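Heads up: the structure comes next, in structure tokens.
No lab work stands behind these numbers, since they all come straight from the coordinates. In this text, all values refer to a predicted model and were calculated from it rather than measured experimentally. Glycine gets a Cβ as well: all are built from the backbone with ideal geometry, and neighbour counts include every protein chain shown.
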Amino acid sequence: MSIRIDQSLCTGCGLCRDVCPGGLIRQDERKKAFIPEPRDCWGCAACLKECGYGAIRYFLGSDMGGQGAYLVVKDEQGCLHWQINKNGLHTHIRVNKKEANIY
Amino acid sequence: MLKPKILTTDILIVGGGTAGCFAALTAAETSQAQVLIVEKAHIKRSGCLAAGVNALNAYLPEGETPESYLEYVRQDAAGVVREDLVFSLAQNFNRVTRKLEELGLRILKDADGHYVVRGRHSIKINGENIKPLLASSVAQYTNIRVLNRVNVTDYICREHKVVGVLAFSLEKDVFYVIYAKAVICATGGAAGLYRPNNPGFSRHKMWYCPFNTGAGYAMGIRAGAEMTGFEMRFIALRCKDTIAPTGTIAQGVKAVQVNGRGEEYLGRYAGILSTPMRLWATVAENQRGLGPCYLQTEGITVQQEEELYKAYLNMAPAQVLSWLDSGRNPRLANVEITGTEPYIVGGHCASGYWVDSRRATTLPGLFVAGDAAGGCPKKYVPGCLAEGEIAALSALEYSRGQESQTFSDDEMDAVRVRMNRCFDSRQSLYNAEQTEEAMQKIMDEYAGGIGTGYLIDGRKLAIAARKIQELLQCATEMHAENLPELLHIQEVVDRLYVCKVVIAHMQARKETRWPGYQQNADYPERDDPNWLKYVNSRYRAGKVEIVFRDIVKKGEFYEHSD
Ligand SMILES: Cc1cc2nc3c(=O)[nH]c(=O)nc-3n(C[C@H](O)[C@H](O)[C@H](O)COP(=O)(O)OP(=O)(O)OC[C@H]3O[C@@H](n4cnc5c(N)ncnc54)[C@H](O)[C@@H]3O)c2cc1C
Ligand code: SF4
Ligand code: SF4
């Protein structure tokens, strides 16, 4: 379980670094975000939700059965738009923040 | 070299999580007091609520009362609960829930405007943003100040009275000496004591927040505060690998628990179907070679599956990724379930600080709320909020008669040395990571972890006690190069103190009260005549001294007397 940060998409805003409940994300001298110890990630997805540039991918370690899929999310117009990518196929799930869960 | 920074406040809150934020809001709303929250992460998403939660698990719908909730908790926890504490929280569940709704939380309602109930005491919400909501409410008060990215390490005590805390920044070379008229500890529980389900790359993919390292407990233990119920560990029944909650599937689509042969097995482990029994039955099926166990979801509708996806994205997104990555969606394949490593969590079980009815600890000036406070299982989010409120009001009342304290120059010099000790010490052979690994191995093998089916016995516990003490000895010599290393050392030392107390409590309770949570092979039966009481402890001169206390009943107002 961890995240992967694509530094070519990172603008260095630092929001992911601020929000991580484990303080796991740092910024290098160019202000680009990186995670020095990927094994310490809890998988809460807080950092992904902050990143407006889709620079953070969330994946399952192979010890959890990960097989290459990853998750990204965009916070737009009152909804969280989750996208799961597997082998080039995208599954899109929209969750309205103003709606309570049915379950 | 860390340089000192001195702060003073009226009410100091350690940990800006669920209980801490609510305590701050209560203090700010009801008084002019200066409130300071000191938080190791950032209150926007710190603690248990980071990913979101998907229900409020303690609500009293029509037909339920504080009395009926107390009865439910008493049954589920086999009688060893602080009835005064459970009752006082239950009286406030619905009020704090309405307050959360006013802060912006979305709660599912039926056509008549009643909250929709799941199971007996849960209501359905969109809890993805519950922590940002609390944090933005905190930001609206000018008399609340928040210090993010500052880790608290110890209380400052004067004649056993808590008058402040020591802390260090995780961003700059600064240590803090913070004086306060009253302190509220709201640091949550302790994860990472035992070898976790995923011990390798995904070592932090656990159920409880891995960044809640038992700091508040450890600070209290070191300062000599009385602790209770550490033998009642919490072991959760969770989705395999992702360690995501199961209640949403079980109650949402009414999935039953089946074993590897497709048989419903809970009925075989009769008695009352308590939370520990559901876990224990699953462990037992596996031990009998009838595993793995599952939640039977095969055959649910496409629409049900979509709703499950949404619910899990709002609290445990890894579960949805796991379903879609493996192609084994819940509609197509049952969801495998497993027991987690044991946690110490006062909001689910009874372990934590021993408090009076006002939530004052045995150290004057120190109050406690949420998962850090003991005696009161099944608080969940509403109970943590209600307890934050009670603790805040008690702390305010106490603070009115208090003067701020300060260190003398000599004391300040000693603190400077102490806070810099890990930087000044020479390189040691062992670092925090190795120590953590060793601790988790010891706890797993000798103190009833996953590896031994949670079973404990006196001989192994004695080995665990010795080995944890040895580690603690080595840990005092660890060296840090930078702030993240300093934090890691502090966290593992805190966990070791908690382990010490967990072991001592498990040694002390000579019966089996909670299958799995506390299952003693030497004393396999529940023994009400002798053991319907609390196991408490105080740490004195390097030793955990055990104290037994009688059950506190509902109508009693409990005050500390000895
Ligand atoms: C994954 C998960 C799902 C849950 N789901 C539900 C649910 O659906 N419904 C429900 O009702 N309950 C649920 N619970 C239970 C509930 O969330 C917790 O009981 C509650 O949030 C605990 O509140 P707390 O204030 O005690 O701890 P937290 O909210 O975790 O706060 C503790 C805070 O202290 C900080 N801290 C720790 N150590 C230090 C230190 N040394 N210095 C400074 N700060 C420190 C932490 O960073 C954190 O912010 C869930 C719990 C978990 C873990
Ligand atoms: S998923 Fe959560 S724990 Fe992991 S890096 Fe992002 S914010 Fe931190
Ligand atoms: S939030 Fe995104 S853009 Fe901002 S620092 Fe993090 S990765 Fe970079």
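Considering only alpha-carbon pairs that sit under 8 angstrom and 6 or more positions apart, the relative contact order computed for the stretch B:418-528 is 31 percent. Length gained on full extension, B:VAL116 to B:GLU264, computed as 0.36 nm times the residue gap minus the Cα-Cα distance: 50.5 nm.
Checking the a/c ratio against 1.5 first, then a/b against b/c, what shape does the Cα gyration tensor give for the stretch B:237-339? Here the stretch B:237-339 falls in the prolate category. Between B:LYS510 and B:GLN91, the FRET efficiency from the beta-carbon distance, with R0 = 41 Å, is close to 0.70. Taking every residue in A:56-62 and counting other chain Cβ atoms within 10 Å of its Cβ, the average works out to 4. Within the stretch B:491-524, find all residues whose amide N lies under 16 Å from a label point positioned 7 Å from the Cα of B:ARG549 along Cα-to-beta-carbon. Those under the cut-off are B:505. Using only Cα atoms, find the angle between the long axis of helix B:458-475 and the longest principal axis of chain B, and express it within 0 to 90 degrees, rounded to the nearest 10. Its long axis makes an angle of about 40 degrees. The loop-placed trypsin sites (Lys or Arg not before Pro) in chain A, going by DSSP, that have at most 11 neighbouring Cβ atoms within 10 Å of their Cβ come out as A:ARG30, A:LYS98. The mean sequence distance of close C-alpha pairs (under 8 Å, at least 6 residues apart), as a share of the length of the stretch B:237-339, puts its relative contact order at 39 percent. Averaged over the residues of A:14-22, the number of partner chain Cβ atoms lying within 10 Å of the residue Cβ comes to 6.
Each other residue within a Cβ distance under 10 Å of B:GLY555 adds +1 if Lys or Arg and -1 if Asp or Glu, for a net charge of -1. Does the stretch B:418-528 classify as rounded, prolate or oblate by the C-alpha gyration tensor (a ≥ b ≥ c root eigenvalues; a/c under 1.5 gives rounded; else a/b over b/c gives prolate, otherwise oblate)? Cα axes put the stretch B:418-528 in the prolate bin. About its Cα centre, the dipole of the protein assembly as shown is roughly 740 debye, where the only charges are +1 on Lys and Arg Cβ and -1 on Asp and Glu Cβ.
Can you tell me how the protein assembly as shown classifies by the Cα gyration tensor, rounded, prolate or oblate, using a/c under 1.5 as the rounded cut? Rounded shape, in that the Cα axes give a/c under 1.5. Among the residues of A:42-53, the average count of other protein chain beta-carbon atoms within 10 Å of the residue beta-carbon is 6.
Qualifying GluC sites (Glu not before Pro) in the stretch B:353-407, where qualification requires a DSSP coil assignment and no more than 16 other C-beta atoms within 10 Å, comprise B:GLU403.
Farthest toward the dipole's positive end in the stretch B:387-434, which of B:ASN420, B:ILE390, B:SER404, given Cβ charges of +1 (Lys, Arg) and -1 (Asp, Glu) about the Cα centre? Most positive-ward Cα: B:ASN420. The mean sequence separation of alpha-carbon pairs under 8 Å and at least six residues apart, normalised by the residue count of chain B, gives a relative contact order of 21 percent.
Pairs with C-alpha atoms separated by more than 23 Å, drawn from the list B:LYS44/B:LYS441; B:LYS99/B:LYS378; B:LYS254/B:LYS310; A:LYS74/B:LYS44; B:LYS378/B:LYS533; A:LYS49/B:LYS109, are B:LYS44/B:LYS441; A:LYS49/B:LYS109. Helices in the protein assembly as shown, meaning DSSP H runs of at least 4 residues, each add -39500 (n - 2.57). Divided by all residues, the mean residue ellipticity at 222 nm is -9500 deg cm²/dmol.
Excluding A:ILE5 itself, calculate the net charge of residues whose Cβ lies under 11 Å from the Cβ of A:ILE5, where each Lys or Arg counts +1 and each Asp or Glu counts -1. Taking every other residue near A:ILE5 into account, the sum is +3.
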